[in-house]
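A short worksheet on the structure shown next.
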Amino acid sequence: MPTLQQIIDRRLSGKNKSIGNRERFLRRYREQIREAVRKAVSGRGIRNLEQGEDIILPRRDVSEPVFGHAPGGEREYVHPGNREYVKGDRIERPQGGGGSGGGSQASDSGEGEDDFVFHLTKEEFMQVFFEDLALPHLIRTQLAEVPEWKSHRAGFTTDGTPANLHVVRSMRGALARRIALSGDTRREIRQLEARLEHLKSHPHAGEALIRKEIRDTEAALEELRAKARRVPYLDPIDLRYRNRVRVPVPSAKAVMFCLMDVSGSMDEQRKDMSKRFFMLLYLFLTRHYEKIDLVFIRHHTQAAEVTEDEFFHATETGGTVVSSALHLMHEIIRARYPSSEWNIYGAQASDGDNWHHDSGRCRQILDEQILPLVRYYAYVQVAEAEQNLWEEYTQLLEIHPHFAMRKVADAADIYPVFRELFRKEGAPA
């Protein structure tokens, strides 16, 4: 008798066994979660932004659909514990309570349920927070110097890890091998079985010559059956594994210039709003774009390229010449970031107060030198009053569609303005 062989998958299950159910839950209640995240952001600081959050959903939003009886008709059923009513009596609605579970007054009757609370992890919170944001007009300009690699399926191979074993393909190969190796043998077995049956039914089966031929046929059958059993049900040469190869994919090279005014007219509140805006921008870029350069420029009367730490924490100040930062940005682009190879972006924060004769020069530099090279440029004024720099920059809006400017008068305006400046193309405002 052939032995029964079994394939047992002993791969260990991942620790997050319910990850599929959690993802389905997040997709189902995406709108409620997005609104809860928006409210949570308004209650925390930019520095504490990259954290998880306990999300509270009203019970009515997560209730499951149920079947209910239509009004009208007659139904008979038994109320357990009934000692007061007989058939035909009307039962009054209970006073107070009644299972509302959310009233503003205390009650000694009724039951209810609290709102549904679950914890969004840090990764899930940031995914919802940034899901509809992107760098505008990001296109593939050239392959990066260090190419990115992506894994693609490339058929099957005869060796690999158990995790990549393709069971169906392996069993199909085993079946084909058994048919190829034992097909002739099984055909001979069927022929001999038919001959043996014919010999046994022969009218002279008792004669010595016929008996000898029957014994020879039975011996040949036994030998062929043993030969067929020696063909294994599953052989190592039958195993097939999913094969994957790494292929280079185009990688868009992008650089973001962050220009911040630190002049004397920028008081601590305005500097704090500027830093909060750039913190949000920094968090967004470093999370969504692995291959992106960040250039930090601080300026008063003179501009300087600084490190990330100096950009956010240095305390030097001085007069105001905004054009110095734009000149430095243009020089860095010419020296290190040719527009034919890089997607260039700029973000500038200032209170708009500038040396009067310098504001026209800033508009000219942007118009003639910088905006023709960049994909997108955003100017944020951290003051409500329209200074001379705002008036000059307004003239660029109709000429350059990839130039945008907004005002931030309060820390609460930072997040809405940021979303407006960097929302995905085609996404609703």
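The values are calculated or read from the model by the stated rules, or taken from the named source; none is laboratory data. Here the structure is a predicted model, which means the values were calculated and not measured. As a convention, Cβ positions derive from the backbone with ideal geometry for all residues, glycine included, and neighbour counts pool all protein chains shown. The area values use the complete protein model at the heavy-atom level, side chains included, leaving out ligands, DNA and RNA. Shrake-Rupley method; radii C 1.70, N 1.55, O 1.52, S 1.80 Å.
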Self-check item: Answer from K227, K253, K200 - the residue that is among the basic types (K, R), in contact with a strand residue (DSSP E or B) (Cβ under 8 Å, 6 or more places away or on another chain) and touching a residue at least 12 places away in the same chain (Cβ under 8 Å)
Solution: K253
Quiz item: Is it the case that some residue within segment 386-395 is at pLDDT 90 or above, of a type in the set (F, W, Y) and within 28 Å of W342 (Cβ to Cβ)?
Solution: yes
Quiz item: Going by the structure shown, is R242 under 22 Å from V168 (Cβ atoms), within 53 Å of the chain's Cα centre (by Cα) and basic (K, R)?
Solution: yes
Quiz item: Going through segment 317-336 one residue at a time, which ones are under 34 Å from the mean Cα position of the chain (by Cα) and closer than 15 Å to Y376 by Cα?
Solution: M329, I333
Practice problem: Look at segment 350-364 and say how many of its residues are open to solvent by less than 10 Å² (accessible area, probe 1.4 Å) and farther than 15 Å from T301 by Cα. | Solution: 0
Quiz prompt | Members of segment 275-308 that are assigned to a loop (DSSP other than H, G, I, E, B) and touching a residue at least 24 places away in the same chain (Cβ under 8 Å) | solution = Y289, K291, H300, T301
Quiz prompt | Checklist (1) closer than 30 Å to D413 by Cβ; (2) buried (at least 18 other Cβ atoms within 10 Å of the Cβ); (3) of a type outside the set (D, E); (4) modelled with pLDDT under 85 applied to S251, failing item | solution = (1)
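Hey, could you check segment 258-275 for residues that are of a type in the set (K, R) and open to solvent by 40 Å² or more (accessible area, probe 1.4 Å) and say which is farthest from E341 (Cα to Cα)?
Ranking the qualifying residues of segment 258-275, first place goes to R270.
State which residue is least open to solvent (accessible area, probe 1.4 Å) when the search covers only segment 317-333 and only residues that are closer than 15 Å to I344 by Cα and of a type outside the set (A, V, I, L, M, F, W, C). Talk me through it step by step, then tell me what you get.
In the first step, residues of segment 317-333 are kept if they are closer than 15 Å to I344 by Cα; the result is 326, 328-333.
Still in the list and also of a type outside the set (A, V, I, L, M, F, W, C): 330-331.
Numbers: H330: 32, E331: 112 Å².
Taking the candidates together, the pick is H330.
For segment 276-316, name all the residues that are among the basic types (K, R), crowded, with 18+ Cβ neighbours inside 10 Å and within 34 Å of the chain's Cα centre (by Cα).
To start, the set of residues in segment 276-316 that are among the basic types (K, R) comprises 276, 287, 291, 298.
Right, trim to crowded, with 18+ Cβ neighbours inside 10 Å and you get 276, 298.
Within segment 276-316, R276 is the sole residue that qualifies.
Are any of the residues in segment 154-169 open to solvent by less than 30 Å² (accessible area, probe 1.4 Å) and assigned to a helix (DSSP H, G or I)? Even if it seems obvious, please write down each step before you answer.
Let us first name the residues in segment 154-169 that are open to solvent by less than 30 Å² (accessible area, probe 1.4 Å), namely none.
No: segment 154-169 contains no residue that is open to solvent by less than 30 Å² (accessible area, probe 1.4 Å) and assigned to a helix (DSSP H, G or I).
Quick grid of which residues meet (1) within 19 Å of M273 (Cβ to Cβ); (2) within 29 Å of the chain's Cα centre (by Cα):
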{"position": "R375", "(1), (2)": "no, yes"}
{"position": "A378", "(1), (2)": "yes, yes"}
{"position": "N388", "(1), (2)": "no, no"}
{"position": "Q395", "(1), (2)": "no, no"}
{"position": "P401", "(1), (2)": "no, no"}
{"position": "K407", "(1), (2)": "yes, no"}
{"position": "P416", "(1), (2)": "yes, yes"}
Practice problem: Working only within segment 170-193, note down all residues that are surrounded by fewer than 14 Cβ atoms within 10 Å (Cβ to Cβ) and among the basic types (K, R). | Solution: R172, R187, R190
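Within segment 194-217, take every residue that is of a type in the set (D, E, K, R) and surrounded by 15 or more Cβ atoms within 10 Å (Cβ to Cβ) and give me the one that is nearest to V167 (Cα to Cα).
First pass over segment 194-217, keeping only residues of a type in the set (D, E, K, R): 195, 197, 200, 207, 211-213, 215-216.
Filter again for surrounded by 15 or more Cβ atoms within 10 Å (Cβ to Cβ), leaving 195, 213.
Working: R195: 40, E213: 46 Å.
Checking each candidate, the answer is R195.
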Self-check item: Lone unmet requirement of (1) modelled with pLDDT of 85 or more; (2) over 20 Å from K407 (Cα atoms); (3) aliphatic (A, V, I, L, M) for M260
Solution: (2)
